[in-house]
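Notes to accompany the following structure.
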Amino acid sequence: MRTLLIDGDILVVSTGAALEKEIDWGDDEWTLTCDVKEVKATILATVKRIERDLDADASVICLSKGETFRHQIYPAYKAGRSRKPVGTNEVKRWLIEEHGAKFKPGIEADDVMGILATNPRIIKGEKIIVSADKDMLTIPGKLYRDGEIITVTPDEAELNFLTQTLTGDTTDGYPGCPGVGPVTARTALLTMTGAERYDHVIERGKRKGETEVRWRDINMLSRWETVVSHYEKAGLTREDALLQARLARILHNDDYDHQKKEPILWTPLT
């Protein structure tokens, strides 16, 4: 049994945007319109095609609706996102009420896919996430993106998650650690190289004898402590690093309380 976990947010927005049309009414009056029936039909046809291409037995469309826990802990989250296509809310309602699409209040489609992919009971058999979003590289398991199915190991998922914690995500509106790009972040995490502050005494020149703060590379005991050390080097705190990690963390099954129906904020083991 092979089940696809489809990123419904991307599917709905990309389909709606492609089918939106401008109407010029004259006198500089323009409106946007969209045939929602066409959007719905196109989405169903797209899902069927993906199922056929990936030889899947079933699929689950996953959606976001409303404010999430990330907005609550960081109000600027996704504040710069552009408007959604005309009819987006109606299409999502239709998918949920008439086609069994899944959403959970307070979390995003990414989280729903992450929970379903890592829960051993809800969906039996093989599960493949279908999404172009790089955030899904933080979920261990199978992922279909860029035309191929790839397997993300638990170690790769952790590495990708902590890399994103350091680099942030401009699309989602959280900054990460200032001055740390993808190459620096990944290299530091792979080698567990952090930064240590020390006082350096200047030995020559006009400032001879003065002391200034410098940083040197140091081997860390864990990837998380590596992340924290880079935040501290940037003049920030462990709490700043933890906030960014909670924004970057796409929920796994263990990050969600199924009884209370609420996320469990990520906390490092060390």
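Which one is modelled with the lowest pLDDT among residues in the stretch 74-108 that are out of contact with any Phe, Trp or Tyr (no Cβ under 7 Å at 6 or more places or on another chain) and within 15 Å of Asp135 (Cα to Cα)? The extreme case among them is Lys78. Residue pairs whose Cβ atoms lie under 6 Å apart, separated by 6 or more positions or on different chains, with the first residue in the stretch 135-163 and touching a residue at least 12 places away in the same chain (Cβ under 8 Å) and acidic (Asp, Glu) and the second crowded, with 19+ Cβ neighbours inside 10 Å and assigned to a helix (DSSP H, G or I), are Asp135/Asp110. Ala234 versus (1) under 24 Å from Gln164 (Cα atoms); (2) in contact (Cβ under 8 Å) with a residue 12 or more places away in the chain; (3) out of contact with any Cys (no Cβ under 7 Å at 6 or more places or on another chain): which is the lone unmet condition? Going through (1) under 24 Å from Gln164 (Cα atoms); (2) in contact (Cβ under 8 Å) with a residue 12 or more places away in the chain; (3) out of contact with any Cys (no Cβ under 7 Å at 6 or more places or on another chain) one by one, Ala234 breaks only (3). Selection over the stretch 98-115 of residues that are farther than 19 Å from Arg246 by Cα, assigned to a helix (DSSP H, G or I) and in contact (Cβ under 8 Å) with a residue 24 or more places away in the chain gives a count of 1.
Going through (1) closer than 30 Å to Lys102 by Cα; (2) over 16 Å from the mean Cα position of the chain (by Cα); (3) in a helix (DSSP H, G or I) one by one, Val228 falls short only on (1).
Residue count for the stretch 14-60, restricted to those that are in contact with a Ser or Thr (Cβ under 8 Å, 6 or more places away or on another chain), under 17 Å from Lys102 (Cβ atoms) and of a type in the set (A, V, I, L, M): 6. With respect to (1) over 30 Å from Ile107 (Cβ atoms); (2) in contact with a Gly (Cβ under 8 Å, 6 or more places away or on another chain); (3) surrounded by 15 or more Cβ atoms within 10 Å (Cβ to Cβ); (4) aliphatic (A, V, I, L, M), the lone exception for Ile202 is condition (3). I'd like to check something: does the stretch 174-182 contain any residue that is surrounded by fewer than 17 Cβ atoms within 10 Å (Cβ to Cβ), touching a residue at least 60 places away in the same chain (Cβ under 8 Å), outside any strand (DSSP E or B) and at negative phi? Scanning the stretch 174-182 turns up at least one residue that is surrounded by fewer than 17 Cβ atoms within 10 Å (Cβ to Cβ), touching a residue at least 60 places away in the same chain (Cβ under 8 Å), outside any strand (DSSP E or B) and at negative phi.
The values are calculated or read from the model by the stated rules, or taken from the named source; none is laboratory data. Here the structure is a predicted model, which means the values were calculated and not measured. A quick note on method: Cβ atoms are made from the backbone with ideal geometry, for glycine too, and the neighbour counts reach across all protein chains shown.
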